[in-house]
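Working notes, structure below.
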């Protein structure tokens, strides 16, 4: 209850304590915090296995979200530190993993993605661009991030921004919706994208090249066009394989609970608290992606993990647990 209410429903520990008091149960704040932290520590070995599976996937979406923590190493009055939750997700396996890092730079992403090779979907943040140039990494760019620039430009130049949205983005996403509605397999999606999406994208690039010289540097429309042209090669990659997503929406949906929690909790108590939050957010996000009741999973796994040999911990990962323990998975149905 403590874990689900705090990390799934974004209720701070102090408010949880007030709820217990209303039910006639008075527990110290320190006890509730200790129990929540202890659960994260017990589940940490599963997080390491989840991270390993994520990095091995060769098809990874990445994004980051700020996460404020208290830092006792700072001088009095300056204890707040802006850390970062780095999110990773593989849509084929439907698993997600978050890693808390104190910074947002090249070193931090290197620590998160150490050894990763394969497709890397991201926005245009320069740290991802640098990592994407490494041998063995194919750097995809997010189509929806490009679209957002044109949405913002609507207030400045509705005619041309609206033309881009209606002529290029709308049919591109209509093609994706049709593929999903028809239940096409990866090969069929690849074929449809090559036949229908590629001509639209090539026409889009031609239009961008025509318009860039007709815009004023620094205006919203100029920024939208420049951003699209800069990252266009990465935008085209999704058309080469039906397994690939055109954008990063699937990961952003898993980051949203972190943003809601950040608003409710304000900050974590330490860098270690940020790491513990990453453990819980990772496992709950993977439960969501796997269609698993997180209360059911937590209840069952916390009972099993202390008696299960460490070499069998893989059985407890959400992506394996439903098949390994079907009776437990059905118990809350």
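Considering the range 24-37 alone, what residues qualify as being in a helix (DSSP H, G or I) and surrounded by 12 or more Cβ atoms within 10 Å (Cβ to Cβ)?
Quick first cut of the range 24-37, residues in a helix (DSSP H, G or I) only: 29-37.
Those that are in a helix (DSSP H, G or I) and surrounded by 12 or more Cβ atoms within 10 Å (Cβ to Cβ): 32, 33, 35, 36, 37.
With crowded, with 20+ Cβ neighbours inside 10 Å, touching a residue at least 12 places away in the same chain (Cβ under 8 Å) and at negative phi as the only criterion, which of 55, 95 stands out?
From the options 55, 95, the qualifying one is 95.
The rows are residues; the columns are (1) at pLDDT 90 or above; (2) in contact with a helix residue (DSSP H, G or I) (Cβ under 7 Å, 6 or more places away or on another chain).
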| residue | (1), (2) |
| --- | --- |
| 21 | yes, no |
| 44 | yes, yes |
| 55 | yes, no |
| 63 | yes, yes |
| 72 | no, no |
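Based on this model, can you work out whether residue 202 counts as surrounded by fewer than 18 Cβ atoms within 10 Å (Cβ to Cβ) and assigned by TED's automatic domain parsing to the domain that holds residue 164?
yes
Going through 253, 259 one at a time, which residue ends up being part of a helix (DSSP H, G or I) and closer than 23 Å to residue 46 by Cβ?
Being part of a helix (DSSP H, G or I) and closer than 23 Å to residue 46 by Cβ holds for just one of 253, 259, which is 253.
Can you tell me which of (1) at pLDDT below 90; (2) surrounded by fewer than 20 Cβ atoms within 10 Å (Cβ to Cβ); (3) assigned to a helix (DSSP H, G or I) is the one residue 104 doesn't meet?
(3)
Inside the range 38-65, can you point out the residues that are part of a strand (DSSP E or B) and within 12 Å of residue 98 (Cα to Cα)? Walk me through it before giving the result.
First, the residues of the range 38-65 that are part of a strand (DSSP E or B): 59-65.
Once the filter is applied, which keeps residues that are part of a strand (DSSP E or B) and within 12 Å of residue 98 (Cα to Cα), the range 38-65 yields 61, 62, 63, 64, 65.
From the list 156, 131, which residue is in contact (Cβ under 8 Å) with a residue 12 or more places away in the chain, closer than 30 Å to residue 108 by Cβ and in contact with a helix residue (DSSP H, G or I) (Cβ under 8 Å, 6 or more places away or on another chain)?
Of the residues listed, the single one that is in contact (Cβ under 8 Å) with a residue 12 or more places away in the chain, closer than 30 Å to residue 108 by Cβ and in contact with a helix residue (DSSP H, G or I) (Cβ under 8 Å, 6 or more places away or on another chain) is 131.
Given the structure, is residue 255 closer than 27 Å to residue 323 by Cα, surrounded by fewer than 19 Cβ atoms within 10 Å (Cβ to Cβ) and touching a strand residue (DSSP E or B) at 6+ places or on another chain (Cβ under 8 Å)?
No.
Each row is one residue, and each column tells you yes or no for (1) at pLDDT 95 or above; (2) in contact with a helix residue (DSSP H, G or I) (Cβ under 6 Å, 6 or more places away or on another chain).
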{"site": "109", "(1), (2)": "no, yes"}
{"site": "147", "(1), (2)": "yes, yes"}
{"site": "168", "(1), (2)": "yes, yes"}
{"site": "183", "(1), (2)": "yes, no"}
{"site": "203", "(1), (2)": "yes, no"}
{"site": "209", "(1), (2)": "yes, no"}
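May I ask you to list the residues in the range 109-123 that are touching a strand residue (DSSP E or B) at 6+ places or on another chain (Cβ under 9 Å) and under 15 Å from residue 51 (Cα atoms)? Spell out how you get there, then give the answer.
Of all residues in the range 109-123, those touching a strand residue (DSSP E or B) at 6+ places or on another chain (Cβ under 9 Å) come to 109, 111-113, 116-123.
Matches in the range 109-123: 109, 111, 112, 113, 116, 117.
Has the range 169-185 got any residue that is within 26 Å of residue 56 (Cβ to Cβ) and surrounded by fewer than 13 Cβ atoms within 10 Å (Cβ to Cβ)?
Filtering the range 169-185 for residues within 26 Å of residue 56 (Cβ to Cβ) gives 185.
After this cut, where a residue has to be surrounded by fewer than 13 Cβ atoms within 10 Å (Cβ to Cβ) as well, the list is 185.
Checking the range 169-185: at least one residue is within 26 Å of residue 56 (Cβ to Cβ) and surrounded by fewer than 13 Cβ atoms within 10 Å (Cβ to Cβ).
Mind listing whichever residues of the range 213-222 are surrounded by fewer than 17 Cβ atoms within 10 Å (Cβ to Cβ) and in a helix (DSSP H, G or I)?
To start, the set of residues in the range 213-222 that are surrounded by fewer than 17 Cβ atoms within 10 Å (Cβ to Cβ) comprises 213-214, 216-219.
Once the filter is applied, which keeps residues that are surrounded by fewer than 17 Cβ atoms within 10 Å (Cβ to Cβ) and in a helix (DSSP H, G or I), the range 213-222 yields 213, 214.
Given the residues 82, 88, which is the only one that is in a strand (DSSP E or B) and surrounded by fewer than 14 Cβ atoms within 10 Å (Cβ to Cβ)?
That would be 82, the only listed residue that is in a strand (DSSP E or B) and surrounded by fewer than 14 Cβ atoms within 10 Å (Cβ to Cβ).
The values are calculated or read from the model by the stated rules, or taken from the named source; none is laboratory data. These numbers were taken from a predicted model, which means no experiment stands behind them. Virtual Cβ from ideal backbone geometry, glycine too; neighbours counted across all protein chains shown.
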